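Reading through the structure tokens given below for one structure.
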Amino acid sequence: SKTVEQKLIADFEAANSGIKVKLVDAGKNYEEVAQKFNAALAGGQLPDVVVVSDVTWFNFALNKQLTPLDDLISAAGIKVGDYVDALYKDYDFGGKHYALPYARSTPLFYYNKEMWRAAGLPDRGPKNWQEFKAWSTKLKAVAGADKTAFELADGTNYLDWYFQNMAWDFGGAYSKEWTPTFSDPKTVEAGQFLQDLAKGGIVRFNKAPATDFSAGLAACILESTGSLGGISKDAKFEVGTAFLPGTNNCPTGGAGVGIPAGITDARKQNALKFAEFLTNAQNTVTFTQATGYMPVRKSAVELPEEKAFLQKNPNAKTAIDQLPFTRSQDNARVFVPGGGARIGKALDQVAQGQDVATVFKALDAETQRVIDAQIKPKL
């Protein structure tokens, strides 16, 4: 996204003489950005605006390292009602908002239409995971020995985000409020389903499933909307996108932009001006068309250039259409420190054949220890 962000910065500077913006490349993913921000909090030079993901923003807010934006927004006269409600609400903690939605995404179900046709399947995604299982034999036959029916990210690369959909489809969850529920029988059932797919040779785990899918090596994947631009460019076959399997069980994701608490009020005011510019209707269209992320403003989809883009690129419209059927993620993943990595490690163990109930019971206990030690004393 760096190239399009530099363009947005140039436009902002042209419209706001006297304010200069320096883009600091803070890493290859959200976790590395958070590590660099942590280093700045420990004694480095604080940024004016920081990208905070679904997994990183809460603990910065909990530790009073991000500025609550509501008073700044009110003073600046910014109308937050134009932000997509579900995306703006994601940054609410204790009745205050700690970020503006920016590079927002959901997972999508991507499928290779050529392999779909060869398998004799309807041109759509599966209604639920049980239907996918019924389709998997045909997909496996079409994939043969050199390809795979289904590919997923492994535990080091957001499997914990994607599997949340599977857990919800089976009626399970990672947690209910601050109580972990990995050992709930329905969550265990979802874990067993994932393991059975692996044992049956249906799913293969990879750090970069989008690359394999684009190369025609996988019939389908779960991947972020943020990968749509790259996949559309790289794939030499017709790509289909669909809602995630199940009903009303797609997790939101991606990142927003927050403002550090430890900077001057003048810097905060300029930071908010930039953050609002970065996320206004016109610029969210520019950014999302270049990357594949979702527009974060309601009015964005009414702009003529966005209407034309969506008509020409129906795959980009899938994520927008799915947005009303999303749900906020479970606390155990997004609010508990290290939650994503902890869940990802456990899911790797499940994929490798370890007993699901045993792994998830240990995950419950470990997650509860972190909640009791690091979260509850500060709530």
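The values are calculated or read from the model by the stated rules, or taken from the named source; none is laboratory data. Since we're looking at a predicted model, the values are computed, not measured. Positions of Cβ are generated from backbone atoms using ideal geometry, with glycine treated the same way; all protein chains shown enter the neighbour counts. Calculation scope for accessible area: heavy atoms of the full protein, side chains included, ligands and nucleic acids excluded. Shrake-Rupley method; radii C 1.70, N 1.55, O 1.52, S 1.80 Å.
Based on Cα contacts under 8 Å between residues 6+ apart, the chain shows a relative contact order of 27 percent.
When each of the peptides 314-321, 6-13 is scored by the mean number of other C-beta atoms lying within 10 Å of its residues, the order from highest to lowest reads 314-321, 6-13. Atom-type composition of the exposed protein surface of the range 240-379 places 52 percent of the accessible area on carbon and sulfur (1.4 angstrom probe). Within the listed set Lys140, Lys28, Lys268, the residue fluctuating most in the Gaussian network model of the chain (springs between alpha-carbon atoms under 10 angstrom) is Lys28. Relative contact order, whole percent, for the range 160-294 stands at 23, derived from Cα pairs under 8 Å and 6 or more residues apart.
Ligands, DNA and RNA are left out, and with a 1.4 angstrom probe the accessible area of the chain is 44 Å² per residue. Largest mean-square fluctuation among Glu114, Glu276, Glu32, in a Gaussian network model of the chain whose springs join Cα atoms under 10 Å apart, belongs to Glu32. Here the calculated FRET efficiency for Ala14 and Lys378, from their Cβ-Cβ distance with R0 = 51 Å, stands at 0.75, rounded to the nearest 0.05. Put a dot 7 Å past each Cα toward the Cβ at Ala290 and Lys127; how far apart are the dots in nm? For Lys127 paired with Ala290, the spin-label model returns 4.2 nm. From most to least packed by mean Cβ count within 10 Å, the peptides 231-243, 52-64, 254-266 give 52-64, 254-266, 231-243.
Placing +1 on the Cβ of every Lys and Arg and -1 on the Cβ of every Asp and Glu, with nothing else charged, gives the range 1-128 a dipole about its Cα centre of roughly 320 debye.
Taking the empirical scaling 2.2 N^0.38 Å for compact globular proteins as reference, the range 56-175 has a Cα radius of gyration ratio of 1.51.
Size descriptors for the range 1-76 (Cα atoms only): Rg and Dmax, in that order, 14.0, 36 Å.
For the chain, the longest principal axis of the alpha carbon atoms and the long axis of helix 339-351 meet at an angle near 10°. Note on the range 1-92: Lys pairs 8 or more places apart or on different chains, Cα atoms under 19 Å apart, count 11. Out of the total accessible area of the range 103-237 (probe 1.4 Å, heavy atoms of protein only), what percent is carbon and sulfur? C and S fraction of accessible area: 51 percent.
Helix 30-41 and the long axis of the chain differ in direction by around 30°, with both axes built from C-alpha atoms. Solvent-accessible area of the range 1-46 (1.4 angstrom probe, protein heavy atoms only): carbon and sulfur portion equals 49 percent.
Multiplying the residue separation of Lys22 and Lys207 by 0.36 nm and removing their Cα-Cα distance gives an extension gain of 63.5 nm.
Proximity of backbone amide H atoms, modeled 1.01 Å from N, is registered between Leu108 and Glu223, Ser224, Thr225 at under 5 Å, excluding neighbours fewer than 5 places apart on the same chain. Considering only Trp57, Pro185, Pro295, and ranking their Cα positions along the charge dipole of the chain that arises from unit charges at the beta-carbon of Lys, Arg, Asp and Glu, the one farthest toward the positive end is Pro295.
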